[in-house]
Amino acid sequence: MTTSTSPTSSSSGLAERLAFARRGIADAARAAGRDPEELTTIVVTKFHPASLVRELAVLGVTDVGENRHQEASAKAAELSDLALTWHFVGQLQSKKARQVRSYAQVIHSIDRRALVDALRSDESTVDCFVQLNLTSDPARGGIADGELEHLVEHVLETPGLRLLGVMAVAPIDEDPRAAFARVRSASERVRRLAPSATAISAGMSQDYAAAIAEGATHLRIGTAITGKRPEHG
Ligand SMILES: *Cc1c(COP(=O)(O)O)cnc(C)c1O
């Protein structure tokens with residue numbers, strides 16, 4: 001068998017990569033004394049075509065993640081015949097919030113009051129995570145650690161949002177296990193205010209084992225499963 005070198009043939013080997021990642025996730029769960037069944041793997045398909053998402057669905061993937069509204073919205077519309085759960089994992093502008101609500105079942109990136117207000121609804125409920133910024137750079141997205149409780153309280157008092165838990169991206173310059181340990185303790189603080197918000201969205205292709213060891217329940221895995229992302233601007 002020859003390996004394709006075309007960057008656009010990202011679907012070649014897809015089933016193998018998915019199986020490999022699933023095994024890695026199950027192994028990491030067992031190593032942490034956890035049941036793999038309690039983990040939700042979200043395949044992050046940003047920059048890949050809808051056709052790749054369709055192939056993933058055929059392979060049994062039920063949860064997909066996107067980080068840009070325009071792209072997510074187009075793919076969700078094109079794939080509306082599939083029973084997929086769409087997770088919005090990217091930074092979200094308040095003016096796009098209502099539109100994202102219309103196709104995403106879960107929003108992972110709640111990081112400020114204005115966004116909570118924009119997502120308010122008296123008609124329907126969307127699942128969400130409060131995103132914690134593990135760096136000191138506000139541009140990275142997420143709420144500063146010291147503001148976490150205030151934001152959680154605002155989510156809890158806003159109709160139309162159901163808080164699942166806390167989400168974070170590990171910084172590039174910190175040991176991921178240490179970073180995810182901070183997420184775990186942030187999760188404990190969140191649960192004091194919202195006992196049912198037990199979920200932790202953490203762990204990507206390079207660091208999911210560390211996230212699982214620190215209690216992650218929702219993994220956001222891109223390239224390890226999809227292959228390299230196509231070129232983008
Ligand atoms: C792209 C992305 C991921 C997946 O990253 P990989 O390193 O490709 O696994 C996870 N979470 C967020 C927020 C992302 O933007």
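For this structure, a couple of remarks:
- Region 25-44: number of residues that are surrounded by fewer than 18 Cβ atoms within 10 Å (Cβ to Cβ), over 17 Å from the mean Cα position of the chain (by Cα), within 17 Å of Ser201 (Cα to Cα) and in contact (Cβ under 8 Å) with a residue 60 or more places away in the chain: 2
- Within region 150-169, being under 13 Å from Arg113 (Cα atoms) and open to solvent by 60 Å² or more (accessible area, probe 1.4 Å) holds for His150, Glu153, Leu156, Glu157.
- Scanning region 45-88 for residues that are in contact with a Leu (Cβ under 7 Å, 6 or more places away or on another chain), open to solvent by 40 Å² or more (accessible area, probe 1.4 Å) and not in a helix (DSSP H, G or I) returns Leu59, Thr62.
- Of all the numbered requirements in (1) in contact with a Pro (Cβ under 8 Å, 6 or more places away or on another chain); (2) under 18 Å from Ile110 (Cβ atoms); (3) within 16 Å of the ligand (Cβ to nearest atom), Gly141 misses one, and that requirement is (1).
- Matching residues in region 102-114 - criterion: being without any contact (Cβ under 8 Å) to a residue 40 or more places away in the chain and more than 15 Å from the ligand (Cβ to nearest atom): Ser102, Tyr103, Gln105, Arg112, Ala114
- Criterion applied to Ala178, Ala209 was being in contact (Cβ under 8 Å) with a residue 40 or more places away in the chain and among the aliphatic types (A, V, I, L, M), and the one residue passing it is Ala209.
- Qualifying positions in region 204-233 - more than 7 Å from the ligand (Cβ to nearest atom), open to solvent by less than 40 Å² (accessible area, probe 1.4 Å) and hydrophobic (A, V, I, L, M, F, W, C): Ala210, Ala211, Ile212, Ala213, Ala216, Leu219, Ile225
- Check on Glu37, within 16 Å of the ligand (Cβ to nearest atom) and part of a helix (DSSP H, G or I): no
- If the condition is being assigned to a helix (DSSP H, G or I) and open to solvent by less than 20 Å² (accessible area, probe 1.4 Å), then region 107-124 contributes Leu115, Val116, Leu119.
- Within region 86-98, residues that are farther than 17 Å from Val61 by Cβ reach partners that are within 10 Å of the ligand (Cβ to nearest atom) and open to solvent by 10 Å² or more (accessible area, probe 1.4 Å) with beta carbons closer than 8 Å, at six or more positions or on different chains, in the pairs Gly90/Lys46; Gly90/Asn67; Gly90/Arg68; Gln91/Asn67.
- Check on Ala197, outside any loop (DSSP other than H, G, I, E, B), more than 15 Å from the ligand (Cβ to nearest atom), of a type outside the set (Lys, Arg) and open to solvent by less than 20 Å² (accessible area, probe 1.4 Å): no
The values are calculated or read from the model by the stated rules, or taken from the named source; none is laboratory data. Computed from a prediction, not measured in an experiment: that's the story for all the values here. Glycine gets a Cβ as well: all are built from the backbone with ideal geometry, and neighbour counts include every protein chain shown. The area values use the complete protein model at the heavy-atom level, side chains included, leaving out ligands, DNA and RNA. Shrake-Rupley method; radii C 1.70, N 1.55, O 1.52, S 1.80 Å.
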